[in-house]
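Heads up: the structure comes next, in structure tokens.
The values are calculated or read from the model by the stated rules, or taken from the named source; none is laboratory data. Please read all numbers here as calculations on a predicted model, not as lab measurements. Positions of Cβ are generated from backbone atoms using ideal geometry, with glycine treated the same way; all protein chains shown enter the neighbour counts. These area figures cover heavy atoms from the full protein model, side chains too; ligands, DNA and RNA do not enter into them. Shrake-Rupley method; radii C 1.70, N 1.55, O 1.52, S 1.80 Å.
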Amino acid sequence: NKRCLVTGGARVDDWNNYDALSVRRPLAVAGPLLVTNFAARSEQAFSPRLSTLFRAKDNLTFRASVYRAFRAPTLNELYRPFRQGNVQTLANSGLTAEQLTGAEAGASYSAWHDRLSMRGTFFWSDINDPIANVTLSTTPSLITQQRQNLGDTRSRGVDLDAEARLTSTITLSGGWQYVDATVTSFPANTLLVGLWVPHVPRHDVDFQARYSRPHVLTAALQASFVGSAFDNDQNTLPLRHYFLLNALASRPLGHGMEVFVAGENLLDQRYDVARTPVLTRGPPVLFRAGFRITVR
């Protein structure tokens, strides 16, 4: 059927860690090296995927897919502790891989001879054993966390975007994503169930206006809104929502050379980046200018 396309696939992964060790030297007092040897470990993962696409009309397409995926713990998560601000994060050599089961469905529509295109996608995913920084203890001077497999989390949401080519040189585009990402199970600490997954805002909105004459001038104005989120598993360290405005202009000089100027955070918003619990904010307004050289 030319209107319907079904595809499927699967992969099998096997990975092994061996001869892992940690070597530390105390700085406060003189002493011997501290050597910790870690046990060898191995895991396997099976990741199938099934997708379908149905073209209802020349300008209307529906699509859907179901899949499984995995992410193995990194060497940092397994073996490397670190401290940032007043937060000490411990490694965990016993971590297992994250396992994701997901599905998505959506549609694409175009009009005005493809000068207007719109796309919408609903997505859902469950992650079993996601790796997260779990709080172990809190004091006025130190928060201690450890990398742990955080039971189960669920993310559901919608992703909408559109693009309109108003003329041969002017294009407008924008998108909105809504995500509801929460902890659904954690037997080790049931108080975390129902809380937001850290660093995942509910709302993310982007807009861009672009003027392009490739041999004369390219200019773009980009605006983005990021909703509030939390910087920790207990949802006690909030990161406030913020709005950013960026701009870029470039002009070719010939022979593969291009000059450009860009401005970031033009409204000089002091937005939250992290709380440890000391608040870290993003950079103020920033301007850049320079040359690009393309060698063919």
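Quick check for you: with a 1.4 Å probe and neighbouring chains kept, what is the accessible area per residue of the chain, in Å²?
61 Å²
When the accessible area of the stretch 84-224 is split by element with a 1.4 Å probe, what percent falls to carbon and sulfur?
That share works out to 57 percent.
For the chain, build the charge dipole from Cβ charges (+1 Lys, Arg; -1 Asp, Glu) around the Cα centre, then report which of Gly256, Thr184, Leu150 sits farthest towards its positive end.
Comparing the listed Cα positions along the dipole, Gly256 ranks first.
Filter the chymotrypsin sites (Phe, Trp or Tyr not before Pro) in the stretch 59-128 to those in DSSP coil with at most 16 other Cβ atoms within 10 Å of their Cβ, and list the result.
Trp112
Using modelled backbone amide H atoms (1.01 Å from N, in-plane), which distant-in-sequence or interchain residues come within less than 5 Å of Phe70's amide H?
Correct list: Leu100.
Sort 276-286, 45-55 by the packing proxy (mean of other Cβ within 10 Å over each peptide's residues), most packed first.
45-55, 276-286
Compare Ala39, Ala274, Ala132 in a GNM of the chain, Cα atoms joined below 10 Å, and give the one with the largest fluctuation.
Ala39
For the stretch 53-200, list log₁₀ I(q)/I(0) at each q in 0.13 Å⁻¹, using the Debye formula over Cα point scatterers of equal strength and ignoring solvent, two decimals each.
Result of the Debye calculation: -0.75.
Charges only on Cβ, +1 for Lys and Arg, -1 for Asp and Glu: so what's the dipole of the stretch 84-181 about the Cα centre, in debye to the nearest 20?
So the dipole magnitude of the stretch 84-181 works out to roughly 200 debye.
May I have the pair-distance distribution P(r) for the chain, computed from all Cα-Cα distances with 5 Å bins from 0 and rounded to whole percent?
Going out from 0 Å in 5 Å bins, the chain shows 1, 4, 8, 9, 11, 12, 13, 12, 12, 9, 5, 2, 1, 0, 0, 0 percent.
Please figure out what share of the DSSP beta bridges in the chain is antiparallel and state it in percent, rounded to the nearest 5.
95 percent
For the stretch 255-296, what is the largest minus smallest coordinate of the Cα atoms on each principal axis, given in angstrom and ordered from greatest to least?
Between the extreme Cα coordinates on each principal axis of the stretch 255-296 lie 51, 22, 8 Å.
Is the shape of the stretch 189-274 best called rounded, prolate or oblate, per the rule: a/c under 1.5 gives rounded, else a/b larger than b/c gives prolate, else oblate, with a ≥ b ≥ c the square roots of the Cα gyration tensor eigenvalues?
Since a/c reaches 1.5 and a/b is larger than b/c, the shape of the stretch 189-274 is classed as prolate.
Can you give me the relative contact order of the stretch 83-232 as a percent, contacts being Cα pairs under 8 Å and 6 or more apart?
Relative CO of the stretch 83-232 lands at 18 percent.
Over the stretch 17-76, what percent of the accessible surface lies on carbon and sulfur atoms, probe 1.4 Å?
The C+S portion of the solvent-accessible surface of the stretch 17-76 is 61 percent.
With charges set only on the Cβ (+1 for Lys and Arg, -1 for Asp and Glu), what does the dipole of the chain come to about its Cα centre, in debye to the nearest 20?
Rounded to the nearest 20 debye, it is 740 debye.
How big is the antiparallel share of DSSP beta bridges in the stretch 63-168, given as a percent to the nearest 5?
Once the DSSP bridges in the stretch 63-168 are tallied, antiparallel ones form about 90 percent.
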